[in-house]
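First the structure, in the form of structure tokens, and then the observations on it.
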Amino acid sequence: MPDAAATALPHDRAVARVTTLAHADQQYSLYLPADYTPQRRWPLLIVLDARGRGEDTLRLALEGARSNGWIVMSSHQSRSDTAESTTLQALQALLDEAAQRYAYDRRRLYLAGFSGTAKTLWTVVAPLRGQLAGMIGCGGGRPPELGPLRLPQPAFFGMAGNGDFNYQEMRALDAELAQAGAVHRLAIFDGGHEWPADPAVFAAAIDWLELMAMRAGTAPRREAWIDAQLARARLAVAAAPDALQRWRLGEQLARDFDGLRDMQAERDAAARLAGSAEVRAGLADEHRLRAAERRHAQRFDEWRARAGQRFVEGRRQDPPSAARALSELRIGRLREQAAADDPAVAASARRSLERDYVATAFYLPEQLVAQGDLPRAAAMLAIASAIFPERPQPHWRRAQVLALDGDANGAFAELQACAQLGYGDPANLRRDPAWQRLRDDPRWAGMLAAIEAATAAESPSP
């Protein structure tokens, strides 16, 4: 193992945190194959999480890395929603570390990212050409400012939750890769804007990239393993819930194993399904839902433009109320659709709700705080809380904003909502300057105790 001081995870050859040799401010979680030796070269996967959750994302990758003999380095400093240079610096630090410390195959470098860091992956394709064999991108597509997609491109395994507000973005990227003739695959899992909760999805991505390396001739062919992968893929096609999914999985199977096994029967079956009434109807339904999501996104953008106006015809405009915003955005209708029996309709509505939520809970408030417009930032957070009342995070951020704006009563009310939802960060309450105006209030000690009690109750027992 690299450091005597590194904290071991309960897995073979895995450590929770290692500091890079050349950069004291850069750490990563590490997995080395059980039979690792510097006398041979190993595939290397670098994971760049949007919040630098190196240990958590390493755990996701362990199953696939262990079964295929990959090294995994998962950054603790990578970030989304900040300057992209932060993630690029983290990547460079891990590349330097790998070159100094580990015997990895320079033809088989793989990168994985989520949300904003998934987008960052595409910016390093050209600089890493000849080394970068494949990428795993979850919940974040290719930035349009990079221009048209041109070959060659590394093999790309995309992932998206069926409730992710970036779901359509990932579908569009998959179609773009197909049109360009790139090596690609897209896995849809049950979930929102997040990594898949099931490590088997991540393991499938690593398996697929290993298969693509065998097809490209950069990894030795394991014939029995290829046969097992093919059998598993055929079972997935047979178990698909409808003709549209059967067609997609069958077409993917034929692409994946082309050159490794005879796929003519699978190509013929996929071609027959492509022309079927069931597949045409399924594609039409998807087109209709995609168009509805675009219309709602346009509605939201128009509302956001109106809500951001401080003056209209010289008259000062109040921040938008939550009740009016929910009405104008037709949130009630979306909630009804999100509870529909049709899973495709329900997932589409959830994606629109999530899009509105993330804008009003994070992006818009942070922009408004940076502009010094605290009342409008607080209003946006109230709207986010109204969209998903069970989520505590907007209450917490709104409490901070109201405290900064001098509204102690409002801030304490939001903190009380957090306590009732079992959410809070007592250390942040003691440390963050945002709470300074509340600390002399006679209610402060009681609220701190309430947050401590609520979060203690929610914490798992040791």
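Things worth noting here:
- Percentage of interatomic Cα-Cα distances in region 158-248 larger than 21 Å: 41 percent
- If you plug the beta carbon distance of residue 440 and residue 22 into 1/(1 + (r/R0)^6) with R0 = 45 Å, you get a FRET efficiency near 0.45.
- Using the 1.4 Å probe convention, the accessible area of region 1-148 works out to 39 Å² per residue with neighbouring protein chains retained.
- Using a simple spin-label model with pseudo-atoms 7 Å out from Cα toward Cβ, residue 265 and residue 432 lie 6.0 nm apart.
- In region 377-462 the Cα-Cα distances spread across 5 Å bins starting at 0 as 3, 16, 27, 26, 16, 8, 2, 1 percent of all pairs.
- Furthest towards positive pole of dipole, 216, 386, 317, structure part the chain, Cβ charges: 216
- Backbone HN-Hα couplings from phi across region 222-237 [Karplus 6.51/-1.76/1.60, Hz, Gly and Pro as x]: 10, 4, 5, 5, 4, 4, 5, 5, 5, 4, 5, 5, 5, 5, 5, 4
- Summarising the strand pairing of the chain, around 30 percent of its internal DSSP beta bridges are antiparallel.
- Viscosity 1.002 mPa s, temperature 20 °C, Stokes-Einstein D of region 309-408 from Kirkwood C-alpha radius, µm²/s: 149 µm²/s
- Computed extension length for residue 309-residue 288: 4.3 nm, one decimal, from 0.36 nm per residue of separation with the Cα-Cα distance subtracted.
- Relative pair counts by distance (%), Cα atoms of region 260-351, 5 Å bins: 2, 11, 14, 14, 12, 10, 9, 8, 6, 4, 4, 3, 1, 1, 0
- Rounded to the nearest 20 debye, the dipole size of the chain about its Cα centre is 760 debye, using +1 on the Cβ of Lys and Arg and -1 on the Cβ of Asp and Glu.
- Taken over the chain, the alpha-carbon convex hull comes to 179 cubic angstrom per residue.
- Rounded Å value of the spacing that divides the Cα centres of region 168-218 and region 332-348: 26 Å
- Heavy-atom accessible surface of region 1-156: percent carbon and sulfur, 1.4 Å: 50 percent
- Mean shadow area of region 196-263, taken as a quarter of the surface of its Cα convex hull (nm²): 4.9 nm²
- Net charge of the neighbourhood of residue 132, taken over other residues with C-beta under 11 Å away and scored Lys/Arg +1, Asp/Glu -1, is +4.
- Working from label points 7 Å from Cα in the Cα-to-Cβ sense, the residue 344 to residue 190 distance is 1.9 nm.
- Separation between Cα centres of region 38-97 and region 375-401, rounded to whole Å: 33 Å
- Using a Förster distance of 45 Å, the FRET efficiency for residue 96-residue 240 (Cβ separation, nearest 0.05): 0.50
- Counting charges near residue 123 (Lys, Arg +1; Asp, Glu -1) among other residues having Cβ under 11 Å from its Cβ returns a value of 0.
- Positive-end residue, the chain charge dipole about Cα centroid, Cβ charges, pick of 148, 307, 244: 148
- In Hz, Karplus ³J(HN,Hα) per residue of region 65-79 (6.51, -1.76, 1.60; θ = phi - 60°; x = Gly, Pro): 5, 5, 6, 10, x, 9, 7, 10, 10, 10, 5, 9, 10, 4, 8
- Region 38-130: trypsin sites (Lys or Arg not before Pro) in DSSP loop, at most 16 other beta carbons within 10 Å: 40, 41, 51, 129
- Pairs of alpha carbons in region 50-135 separated by more than 15 Å make up 59% of all such pairs.
- Taking each residue as 0.36 nm, the span from residue 408 to residue 363 lengthens on full extension beyond its C-alpha to C-alpha distance by 13.8 nm.
- FRET efficiency for residue 84 and residue 425, using Cβ-Cβ distance with R0 set to 30 Å, rounded to 0.05: 0.65
- Multiplying the residue separation of residue 227 and residue 151 by 0.36 nm and subtracting their alpha-carbon distance yields 24.4 nm.
The values are calculated or read from the model by the stated rules, or taken from the named source; none is laboratory data. All values reported here derive from a predicted model rather than from experimental measurement. Note that each Cβ is placed from the backbone with ideal geometry, even for glycine, and that neighbours are counted across all protein chains shown. Each accessible area value is taken on the protein alone, full model and side chains, heavy atoms only, with ligands, DNA and RNA left out. Shrake-Rupley method; radii C 1.70, N 1.55, O 1.52, S 1.80 Å.
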